[in-house]
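See structure below.
The values are calculated or read from the model by the stated rules, or taken from the named source; none is laboratory data. Just so it is clear, the structure is predicted and the values come from calculations on it, not from any experiment. Cβ placement follows ideal geometry from the backbone for every residue including glycine, while neighbour counts extend to all protein chains displayed. To get the accessible areas, we keep the full protein, side chains included, count just its heavy atoms, and leave off ligands, DNA and RNA. Shrake-Rupley method; radii C 1.70, N 1.55, O 1.52, S 1.80 Å.
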Amino acid sequence: MKEESGVGVELRRDADGLALVGEGMVLRADFSRLLPRLRSDRLSRELLVRAARVRGVEAPTAVDATAGLGEDSLLLAAAGFSVRLYEKDQVIAALLRDALERASALPELADVVARMELLEEDSVEALPHLGFSPDVVLLDPMFPERTKSAAVKKKFQLLHHLERPCENEGELLDAALAARPRKIVIKRPPKGPVLAGVKPSYQVTGKAVRYDVIVPPRG
């Protein structure tokens, strides 16, 4: 089965599921390869889990406003969050939905992905009208483009055909604040600028990624 995406790449379905194919590369969302990172001894050390942790909440909720291929959401779900994922691009959403369906058939992942709900919508429009206040809103507006394409991971080269880095950071951050979360967790390059020029409350930094955490005033 083939589905044209209209941007020089195409969706193909084979025995292993749905994949995005183009420029000699194949991109498939596959949660099973993250299983080593989901072990309890490793999961608690994940930078994202550390950044998103909320104290005193037995059943935390999160909204991944820029879901992409869902790997960050999977980490949060494995850490006990119920996660609502928003992905506005139809092709990326199809890849993610296929990965969720395949993972639900695996005993070691079924309980985790059962806590993940995918919505094919624009989160900027949806966040102010959630109907509940999540504990965490996760933003990954995609890292800015590098001058040299070799600096961009291959799997994201195909995604850049479909979805560009965020052009209106202020609009995205305002939407996240409108959801009234306990905290907003923003994924950034280690030396990259803060989102929309807003200084975070604190940061969790690693070698390859940095999480800026904004804690809005409660009231």
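Of all the accessible heavy-atom surface of the stretch 1-87, with the other protein chains kept in place and a 1.4 Å probe, what percent is carbon and sulfur?
Carbon and sulfur together cover 44 percent of it.
Would you mind classifying the stretch 39-129 by shape? Square roots of the alpha carbon gyration tensor eigenvalues, ordered a ≥ b ≥ c; an a/c under 1.5 is rounded, otherwise it is prolate if a/b is larger than b/c and oblate if not.
oblate
Under a point spin-label approximation (7 Å from Cα along Cα-to-Cβ), what is the residue 43-residue 125 distance to one decimal in nm?
Roughly 3.4 nm, to one decimal.
Note down the net charge around residue 104, summing +1 for each Lys or Arg and -1 for each Asp or Glu among other residues with Cβ under 15 Å from its Cβ.
-3
Given the protein chains as shown and a 1.4 Å probe, how many square angstrom of residue 76 are accessible, to the nearest 10?
Only protein atoms counted, so the area is about 0 Å².
For a quick check of your reading of the filter: which GluC sites (Glu not before Pro) in the stretch 8-100 sit in a DSSP loop and have no more than 15 other Cβ atoms within 10 Å? Intermediate values should be presented prior to the final figure.
Details: sites: 10, 23, 46, 58, 71, 87; in loops: 23, 46, 58, 87.
For GluC sites (Glu not before Pro) across the stretch 8-100 that sit outside H, G, I, E and B with at most 15 neighbouring Cβ atoms in 10 Å, the list reads 23, 58.
Separation between the residue 55 and residue 108 pseudo-spin-labels, each 7 Å from Cα along Cα→Cβ, expressed in nm?
In this crude label model, residue 55 to residue 108 measures out at 3.4 nm.
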